[in-house]
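Heads up: the structure comes next, in structure tokens.
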């Protein structure tokens with residue numbers, strides 16, 4: 001696989017980021033219920049949005065949040081959303097994106113990042129566990145809270 005590169009989400013790549021394909025069954029896991037319910041508390045100034053490019057093609061997207069003052073601890077340094085094109089899932093793109101966010105969190109002084117996911121057979125739980133996240137709780141909506149120590 002060619003080398004992946006990270007780029008800010010911008011007008012030149014947002015259409016490609018919005019067009020990433022999914023594997024069958026993944027549609028229901030695109031955004032946990034908790035994120036939908038809490039989206040009003042996210043400040044656009046704290047968002048960290050990047051795309052992964054492979055040979056100048058957008059193959060992944062990550063939306064992180066860095067808000068040390070957020071009243072919800074699980075949203076202070078977190079992966080809000082991560083999408084990897086179905087064609088390249090299992091080839092390191094998701095790990096690349098999560099690692100980039102973890103490095104940015106560490107640079108900003110955080111000691112861990114969190115992520116929420118909806119449990120389910122086709123969901124992202126196995127991926128997050130493979131890259132080092134551990135379950136630390138559950139939201140009021142039944143989403144799993146995972147954390148990765150930095």
If you scan the range 127-150, which residues turn out to be exposed (fewer than 14 other Cβ atoms within 10 Å of the Cβ), at pLDDT below 95 and within 24 Å of residue 24 (Cβ to Cβ)? 142
Answer yes or no as to whether residue 43 is surrounded by fewer than 17 Cβ atoms within 10 Å (Cβ to Cβ), over 14 Å from the mean Cα position of the chain (by Cα), farther than 23 Å from residue 149 by Cα and modelled with pLDDT under 90. yes
Any chance the range 58-68 includes a residue that's exposed (fewer than 14 other Cβ atoms within 10 Å of the Cβ), out of contact with any helix residue (DSSP H, G or I) (no Cβ under 7 Å at 6 or more places or on another chain) and modelled with pLDDT under 95? no
For the range 96-126, what are the residues that are closer than 23 Å to residue 5 by Cβ and surrounded by fewer than 17 Cβ atoms within 10 Å (Cβ to Cβ)? 99, 103, 106, 107, 108
Under 7 Å by Cβ, and 6 or more places apart or on different chains, what pairs join a residue from the range 11-24 that is at negative phi and in a helix (DSSP H, G or I) with one that is at pLDDT 85 or above and surrounded by 11 or more Cβ atoms within 10 Å (Cβ to Cβ)? 16/58; 17/9; 17/51; 17/58; 17/61
In the range 73-88, what count of residues is obtained for those that are in contact with a strand residue (DSSP E or B) (Cβ under 9 Å, 6 or more places away or on another chain) and more than 12 Å from residue 114 (Cα to Cα)? 6
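The values are calculated or read from the model by the stated rules, or taken from the named source; none is laboratory data. Just so you know, these numbers come straight off a predicted model, no measurement behind them. Here Cβ is always computed from backbone atoms with ideal geometry, including for glycine, and neighbour counts include all displayed protein chains.
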